[in-house]
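Encoded as structure tokens, the structure appears first; notes follow it.
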Amino acid sequence: MAKSIGIFVTSPQNMRHVEGITKAAVAKGAKVKVFFTWMATHLTKCPNFKPLCDMENVDVSICVDSYKKCGYDVEDIPPGLVREKMATQAQHGAIIEDYECYLTL
């Protein structure tokens with residue numbers, strides 16, 4: 001198994017898959033980065049979002065522009081995140097450049 005996996009999340013219908021893949025990868029010792037963008041930023045209001053952010057070896061961030069375009073106040077930082085994790089599409093670039101495996105959900 002790869003030592004790292006980046007997950008690019010665009011659909012709000014995929015939280016259970018994000019959770020399942022992330023848990024399985026962490027259980028196998030992989031480092032995981034999850035980046036939520038566009039409509040998937042609605043998942044920040046899901047009760048499972050904070051536990052995902054709190055997992056060991058998991059780096060979660062969101063696209064702040066998408067969050068704003070989906071109607072959320074950028075000052076309303078989702079539980080589990082810090083301001084620095086409300087970022088730009090550069091996080092997507094980091095997944096492509098720095099992670100061995102790439103998955104879009």
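What to note about this one:
- The slack between Arg83 and Glu100, meaning 0.36 nm per residue of separation minus the straight C-alpha distance, is 3.5 nm.
- Looking at the chain alone, DSSP beta bridges between its own residues are antiparallel in about 0 percent of cases.
- Among (1) 2, 11, 19, 22, 17, 12, 9, 5, 2, 1, 0; (2) 2, 10, 8, 9, 8, 8, 8, 6, 5, 5, 5, 4, 4, 4, 4, 3, 2, 2, 1, 0; (3) 2, 14, 27, 27, 19, 8, 2, 0, the entry that matches P(r) over Cα pairs in 5 Å bins from 0, in percent as calculated here: (3)
- Among the listed pairs Lys23/Lys85; Lys45/Lys85; Lys33/Lys69; Lys28/Lys50; Lys23/Lys68; Lys3/Lys50, those beyond 26 Å (Cα-Cα): Lys23/Lys68
- For segment 6-105, GluC sites (Glu not before Pro) are listed when DSSP marks them as loop and at most 15 other Cβ atoms sit within 10 Å of their Cβ; the list is Glu56, Glu75, Glu100.
- Whole-Hz ³J(HN,Hα) from phi, Karplus 6.51 cos²θ - 1.76 cosθ + 1.60, for segment 36-47, glycine and proline x: 9, 9, 6, 5, 5, 5, 4, 5, 5, 9, 6, x
- Taking label points 7 Å from Cα along the Cα-to-Cβ direction, Arg16 and Met55 give a separation of 1.6 nm.
- For the residues Ile77, Ile95, Ile62, a GNM of the chain with alpha-carbon springs under 10 Å puts the largest fluctuation on Ile77.
- For segment 4-104, the relative contact order comes to 36 percent (Cα pairs under 8 Å, sequence separation of at least 6).
Laboratory data are not the source of any read-out in this text; all were calculated from the coordinates shown. No experiment lies behind these values; they were computed from the predicted model shown. Ideal geometry is used to build each Cβ from the backbone, glycine not excepted, and the neighbour counts take in all protein chains shown.
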